[in-house]
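Notes follow once the structure below has been shown.
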Amino acid sequence: MTTELEAVDLGKRYRRGWALRECTFDLPEGRIAALVGPNGAGKSTLMRLAVGLIEPTTGHVRTRDTVAFLSQDKPLYTGFTVAEMLRAGASMNAKWDNEYATRLVREADVPLEAKIRTLSGGQRTRVALAIALGRRPSLILLDEPLADLDPLARTEVMQALLGEVVDTGMTVLLSSHVLADLEGVCDHLILLAGGRVRLDGDVDDLLAEHRVLIGARELATPNVSIVDSRTTERQATLLARTRTADAGWEPHQPTLEELTLAYLRSAKEAA
Ligand SMILES: Nc1ncnc2c1ncn2[C@@H]1O[C@H](COP(=O)(O)OP(=O)(O)OP(=O)(O)O)[C@@H](O)[C@H]1O
């Protein structure tokens with residue numbers, strides 16, 4: 001299995017403190033990975049370190065090949081036309097596939113002569129994506145690219161992205177606060193909280209290793225690793241790192257949303 005992105009003891013300290021600490025993980029080639037974490041968890045810092053925009057304080061991060069990065073504030077000149085923007089992309093990148101970038105723009109139904117400022121949020125994202133992909137990256141880092149889009153535009157951008165992933169086999173690291181955007185799309189998870197990696201790995205493996213356990217409130221807590229527990233007057237709901245359930249507990253495999261929410265809650269309570 002080839003590693004596309006590797007972080008070893010990666011840390012970044014700003015004057016106010018650590019933004020990222022002791023991060024060690026591998027992202028295998030060809031994965032669509034979700035980078036999940038609350039505000040200030042260190043997601044943007046991790047991506048900026050990975051593309052070399054900032055230097056680590058500790059450890060290192062390595063990428064295998066060409067990396068593209070799309071930040072939430074899409075790097076587009078609003079006074080340019082789409083065609084001018086593509087030319088700018090070509091002039092800034094030694095490795096540039098103009099035919100491919102232009103095709104992606106056409107597939108988005110964006111006129112080449114339109115000024116960037118006249119485009120909708122969804123169209124701007126598609127143009128920014130075309131310019132990022134025009135470099136033919138083996139890895140693309142997307143920092144909340146869907147944040148300002150309506151649900152229809154989110155779906156369209158995601159489908160366009162996934163189509164390209166299938167065609168090219170590239171690896172994706174995608175951060176989003178909207179867990180529903182990631183369910184059914186991502187096959188790998190990196191969960192950050194408080195600047196640390198709390199959970200990472202193959203999504204199917206992680207889901208198989210956990211159970212949601214529902215039982216009467218007075219039942220004895222099972223002797224397994226409990227990530228999160230919530231109780232109502234009668235019932236307890238646990239998320240545990242286990243494949244089995246004690247008598248009395250009704251188990252089910254969590255969804256990706258249940259799993260991530262439980263880890264985010266537990267990190268918040270521990271903070
Ligand atoms: N340039 C900087 N100078 C000082 N502190 C910074 C800088 N960039 C980020 N930080 C701090 O580092 C921490 C992590 O920030 P980061 O932007 O990486 O988090 P995030 O997970 O991307 O958050 P969000 O979901 O809100 O975008 C925060 O406490 C933030 O205030």
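For the range 59-73, the count of residues that are of a type in the set (Phe, Trp, Tyr) and without any contact (Cβ under 8 Å) to a residue 40 or more places away in the chain is zero. Scanning the range 28-43 for residues that are surrounded by fewer than 19 Cβ atoms within 10 Å (Cβ to Cβ) and either at positive phi or within 15 Å of the ligand (Cβ to nearest atom) (or both) returns Gly30, Pro38, Asn39, Gly40.
The helices (runs of 4 or more DSSP H) found wholly in the range 1-111 include none carrying at least 2 residues that are among the β-branched types (Val, Ile, Thr) and not assigned by TED's automatic domain parsing to the domain that holds Gly169.
Looking across the range 176-188 at every residue that is outside any helix (DSSP H, G or I) and away from the ligand (no atom under 15 Å from the Cβ), the one that is surrounded by the fewest Cβ atoms within 10 Å (Cβ to Cβ) is identified as Gly184.
Checking the structure you have, find out if any residue of the range 220-234 is closer than 30 Å to Glu29 by Cβ and in contact (Cβ under 8 Å) with a residue 24 or more places away in the chain. Looking through the range 220-234, at least one residue is closer than 30 Å to Glu29 by Cβ and in contact (Cβ under 8 Å) with a residue 24 or more places away in the chain.
Pairs linking a residue in the range 136-161 that is more than 16 Å from the ligand (Cβ to nearest atom) to a residue that is of a type in the set (Val, Ile, Thr), with Cβ atoms under 6 Å and 6 or more positions apart or on different chains, are Pro137/Thr66; Pro137/Val67; Ser138/Thr66; Leu139/Thr63; Leu139/Val67; Leu139/Thr171; Ile140/Val172; Val157/Thr125. Of the residues making up the range 120-132, not a single one is in the same structural domain as Gly17 (by TED's automatic domain parsing), touching a Ser or Thr at 6+ places or on another chain (Cβ under 8 Å) and over 17 Å from Ala153 (Cα atoms).
Among the conditions (1) surrounded by fewer than 17 Cβ atoms within 10 Å (Cβ to Cβ); (2) within 16 Å of the ligand (Cβ to nearest atom); (3) modelled with pLDDT of 95 or more, the only one that Leu46 does not satisfy is (1). The residues of the range 1-27 that are within 15 Å of the ligand (Cβ to nearest atom) and touching a Gly at 6+ places or on another chain (Cβ under 9 Å), listed by number, are Ala7, Leu10, Gly11, Lys12, Gly17, Trp18, Ala19, Leu20, Arg21, Glu22, Cys23.
One line per residue, one yes/no per condition, for (1) at pLDDT below 85; (2) surrounded by fewer than 19 Cβ atoms within 10 Å (Cβ to Cβ); (3) over 16 Å from the mean Cα position of the chain (by Cα):
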| residue | (1), (2), (3) |
| --- | --- |
| Pro137 | no, no, yes |
| Ile140 | no, no, no |
| Asp143 | no, no, no |
| Ala147 | yes, yes, no |
| Val157 | yes, no, no |
| Leu162 | no, yes, no |
| Asp167 | no, yes, yes |
| Leu173 | no, no, no |
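The values are calculated or read from the model by the stated rules, or taken from the named source; none is laboratory data. On a predicted model such as this, the values are computed, not experimentally measured, just so you know. Reconstructed Cβ throughout: ideal geometry from the backbone, glycine too, with neighbour counts over all protein chains shown.
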